[in-house]
Every structure is written in C-alpha cells, then in structure tokens.
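Engineer: One structure is given below, represented as structure tokens, and several questions about it will come after.
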Amino acid sequence: MTTNRIIENPYWSSKEKQHVIAEFYYPETGKRVTASIMNDGTNRDFDELMKKFSIEQIDANTQKRIDDRNERIKHNIERQKVDKTRMQQEQLFAAKLDAFEIDLIKSSKNRELKSKIRKAKNIMEVTAYTVMLLQQEEANTAMVKEAVSAE
C-alpha cells in the first residue's frame, strides 16, 4: 500500500539548513501532519523534499515565516501599548469620578480647582488638586466655625 502525500510549506528550523519542518498532506484522509526532517544523508523524506523544492524556495518560505512572526510581534506590542493607554485613561476617569464623589468637593464653590481636577492629565494631578481643594474647603469650614462660635 502506497500512501500519496503532498509535502507543503517547508522551512528551515535552523540557520545551518540541515533540519526542515514541513507539512505532509494526505489527500485520501484529508489529514495534515507536521514533520521534522533531518538531513543526515539517509533520510528519504529529505531527499523527496529536495526533489520538490529548491533551497531558494525553502529559504523564501523561511524568510516569510520570520517576517510574519516579526509582524505578529510588532502588532502585539502595538496592541499592548493601546491597551495600556486605554487602561490608564479608564483609571484616570475613575479617579476623577472618585474625587467628585467626595462631599466637600461636590459642594465646593471653587470652580478653578474643580476645573483643574477635571482637566488633570494623570492620577497624580487629580490627587494633588483634590488634596488642595480639600485643604481649602477644610480651612474655609474651620473659619466659618470660628466666626459662628465668636458670635
């Protein structure tokens, strides 16, 4: 019984070009198997592969795989940067919401500091302006209490 197979997509697994990875496709069963083929001088699969593909073709397949891999890595890095930026923006928005849920800030008449909290570019700015506004409101509250108790 002879099995018909088609060798597809061969590429070098190392720079020494003594080891090839290829797919064996069996049309009768529809199965596709990845094969590791060594050039040890006695491997019939390697001889068959070299009859069907030139070294230049295998080199081109190898370079295409390297380029595709590099492109995927580049794409993943870009996606990670976008995800990180999005996460930072969401955290900043949440920090601003948290600041405005504080009663003293919510009821404050200090439009300037409230505006700075809204326009803050990072969480440190939100925190700094929130603390400044809280300190001012606490000081104002203390002065009002002193004035009321002095009367």
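Engineer: Can you bin the stretch 6-77 into rounded, prolate or oblate? Criterion: square roots of the alpha carbon gyration tensor eigenvalues sorted a ≥ b ≥ c, rounded for a/c under 1.5, prolate for a/b above b/c, oblate for the rest.
Structural biologist: oblate
Engineer: Let me ask something else about it. Using helices alone, I'd like the mean residue ellipticity at 222 nm for the chain: each DSSP H run of four-plus residues gives -39500 (n - 2.57), total over residue count, nearest 500.
Structural biologist: The per-residue figure over the chain is -22000 deg cm²/dmol.
Engineer: List the lysines whose Cα sits under 29 Å from the Cα of K52, skipping any in the same chain fewer than 8 residues away.
Structural biologist: Candidates past the 8-residue exclusion: K15, K17, K31, K64.
Engineer: Count neighbours as other Cβ atoms within 10 Å of each site's Cβ, and list the trypsin sites (Lys or Arg not before Pro) in the stretch 23-110 that are DSSP loop with at most 15 such neighbours.
Structural biologist: K109
Engineer: Moving to a separate point now. Test of the criteria: in the stretch 1-105, which GluC sites (Glu not before Pro) are in a DSSP loop and have at most 15 other Cβ atoms within 10 angstrom of their Cβ?
Structural biologist: When the GluC sites (Glu not before Pro) of the stretch 1-105 are filtered for loop state and at most 15 Cβ neighbours within 10 Å, E16, E28, E101 remain.
Engineer: Counting only complete DSSP H runs, which helices of the chain cover 20 Å or more along their long axis at the Cα atoms and score a mean Kyte-Doolittle of -0.5 or above? Show your work: numbers first, answer last.
Structural biologist: Numbers: long enough: 55-100 (67 Å, -1.32); 123-150 (40 Å, 0.39).
Those that clear 20 Å and a mean of -0.5 are 123-150.
Engineer: So which aspartates and glutamates pass the test for K114, namely a Cα distance under 18 Å, with those fewer than 8 places away in the same chain ruled out?
Structural biologist: Here the aspartates and glutamates satisfying the reach criterion relative to K114 are D98, E101, D103, E125, E137, E138.
Engineer: Same structure again: Over 11 Å apart: what share of the alpha carbon pairs of the stretch 111-151 falls there, rounded to a whole percent?
Structural biologist: More than 11 Å apart: 64 percent of the Cα pairs in the stretch 111-151.
Engineer: Moving to a separate point now. Would you please report the Å³ per residue occupied by the convex hull of the alpha carbon atoms in the chain?
Structural biologist: Normalising the Cα hull of the chain by residue number yields 188 Å³.
Engineer: Sequence-distant or interchain residues sharing an amide H contact under 5 Å with A35, placed H: which?
Structural biologist: A22, E23, F24
Engineer: For K121, list the lysines whose Cα falls under 21 Å from its own Cα; do not include residues on the same chain fewer than 8 positions away.
Structural biologist: K81, K84, K96, K106
Every read-out reported here was derived from the displayed coordinates using simple, explicitly stated rules and does not represent laboratory data. What you see is a predicted model, and the numbers here were worked out from it, not measured in a lab. Reconstructed Cβ throughout: ideal geometry from the backbone, glycine too, with neighbour counts over all protein chains shown.
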